[in-house]
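**Student:** Before we start, here is the structure in question, set down as structure tokens.
The values are calculated or read from the model by the stated rules, or taken from the named source; none is laboratory data. Since we're looking at a predicted model, the values are computed, not measured. Here the Cβ positions follow ideal geometry from the backbone for every residue, glycine too, while neighbour counts run over all protein chains shown.
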Amino acid sequence: MRKKSQLSPLEKEILQSYVDHCLSIYEVQKVDLGKGVEIKDIFDGGVYYIWDGDASKNLYKWDLVYTGILKVRDLYFFSGMPLTTIPLKLRHFIEGNIGEFFQEQKEDYTSLEHYLRKASAEILALIENASLHLQRPPFPFQTKVSPQFITTVHWRIKDPVIFSRDLQQSHLLTDEAVQRMGKPGRTKTRYVSFDGRDFNVLLGSVVRRMLISDLETLVAECESLEQAKKMRVLFGQRFGHVLKYRMMVCRKLDPAIAYSPEASPEAVEGARESNGEEPRKEEATRKYENWVNEKIPDIGNVTPREAVKTPEGRNKILELLKEFENQNEKVIRRGLKNAEKLVFPLEKVKRELGL
């Protein structure tokens, strides 16, 4: 091992950066696609611009990440460990527990930063366990087919042209469905959806509807968790080279959707109607017209208008609106909606509440 005196100035700078910056939780303030992200340390308020094109494609505004940073020649980069994304709903739980852990062991640490630096394994375990508990399917025993439940499997299509070609050649779709897709990479519409009539026996046994977006998104709708797992395995084996698995979502359907044979995956996801056309915005937003005057359980069962009158309530409203904005950005960038069709009037609500 070389002595410190033998290290180059750049190597010394990198080592010093590891000393100056510990693993912490950062909130994404801004995303420049293909370039980088601006992040803010939720503990000390430090703001940094991270140069990372790949991360900018996978992070969204207001995301929370547990990671380290590295400063090299006045530029900042992610470093120390792979990015660990924290569900926004867990922010106060994680932040509060870290504060409690530090207070309980305060005699062993000189500061919160010292604790963050030394207890990274403990903090990571807390984050992973909390995230796992939160993301468990809400209906874990619903393994059999039921019209009251739905499970959707989500993938990112790494290469839409190759995936379209391979899917057409897989014999998983009927000839009519293949013809409707058109030439790979040249779909006539923004979305291509399929239902039971479009699948062969193998695929039809595990999925009832499927949506392919030319914006690199694939969503499969299954009638049970068991079917969804089979679907994930099937497509992983057939198309793993061009698909990246994202998540599996289990939910109980609204009765109007659950018993409607015409309901599409888009309708279930609240994004589109089964004919591929998005609902009229003015109709979809009608239910939110009086949102600021309705009691919201997530902020203590008070109205947003009442909540903003206190510092604590104001913070709760801001956190809730951050969740909405974060969700909006995700569905836009994943191709599930476009900005003109977002139904929750985020900016209007902010203006009404003076935020």
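**Student:** Hey, could you check region 158-182 for residues that are in a loop (DSSP other than H, G, I, E, B) and of a type outside the set (Ser, Thr, Tyr) and say which is surrounded by the most Cβ atoms within 10 Å (Cβ to Cβ)?
**Tutor:** Applying the filter and picking the extreme gives 172.
**Student:** Are any residues in region 137-175 modelled with pLDDT of 80 or more and closer than 12 Å to residue 225 by Cα, and if so, which ones?
**Tutor:** Hits for region 137-175 are 151, 152, 153.
**Student:** Could you please let me know if residue 42 is touching a residue at least 40 places away in the same chain (Cβ under 8 Å), under 30 Å from residue 153 (Cα atoms) and either within 22 Å of the chain's Cα centre (by Cα) or surrounded by fewer than 17 Cβ atoms within 10 Å (Cβ to Cβ) (or both)?
**Tutor:** No: the conditions fail for residue 42.
**Student:** Separate question: For region 176-190, which residues satisfy the criterion of being modelled with pLDDT under 75 and either closer than 19 Å to residue 222 by Cα or charged (D, E, K, R) (or both)?
**Tutor:** Once the filter is applied, which keeps residues that are modelled with pLDDT under 75 and either closer than 19 Å to residue 222 by Cα or charged (D, E, K, R) (or both), region 176-190 yields 183, 186, 188, 190.
**Student:** Taking interchain pairs and intrachain pairs at least six residues apart, which have beta carbon atoms under 8 angstrom, with the first residue in region 322-344 and in the same structural domain as residue 289 (by TED's automatic domain parsing) and of a type in the set (Val, Ile, Thr) and the second assigned to a helix (DSSP H, G or I) and modelled with pLDDT of 65 or more?
**Tutor:** Here the result reads 343/288, each pair linking region 322-344 to a residue that is assigned to a helix (DSSP H, G or I) and modelled with pLDDT of 65 or more.
**Student:** Yes or no: region 56-76 includes at least one residue that is at pLDDT 90 or above, within 19 Å of residue 326 (Cβ to Cβ) and more than 16 Å from the chain's Cα centre (by Cα).
**Tutor:** Yes, region 56-76 contains at least one residue that is at pLDDT 90 or above, within 19 Å of residue 326 (Cβ to Cβ) and more than 16 Å from the chain's Cα centre (by Cα).
**Student:** In region 66-77, what residues are more than 16 Å from residue 32 (Cβ to Cβ) and either of a type in the set (Val, Ile, Thr) or buried (at least 17 other Cβ atoms within 10 Å of the Cβ) (or both)?
**Tutor:** Selection gives 66, 67, 68, 69, 70, 71, 72.
**Student:** Looking only at region 103-117, count every residue that is more than 20 Å from residue 41 (Cα to Cα) and in a loop (DSSP other than H, G, I, E, B) and tell me the total.
**Tutor:** Summing the residues that are more than 20 Å from residue 41 (Cα to Cα) and in a loop (DSSP other than H, G, I, E, B) in region 103-117 gives 1.
**Student:** Residues in region 34-79 that are among the β-branched types (Val, Ile, Thr) and touching a Phe, Trp or Tyr at 6+ places or on another chain (Cβ under 6 Å): how many?
**Tutor:** Qualifying residue count for the region: 5.
**Student:** Taking only pairs six or more apart or across chains, which ones have beta-carbon atoms under 8 Å, a first residue in region 8-20 that is more than 16 Å from residue 116 (Cα to Cα) and at pLDDT 80 or above, and a second residue that is assigned to a helix (DSSP H, G or I) and of a type in the set (D, E, K, R)?
**Tutor:** 12/4
**Student:** Please determine, by comparing only the residues of region 92-136 that are modelled with pLDDT under 85 and among the aliphatic types (A, V, I, L, M), which one is surrounded by the most Cβ atoms within 10 Å (Cβ to Cβ).
**Tutor:** 130
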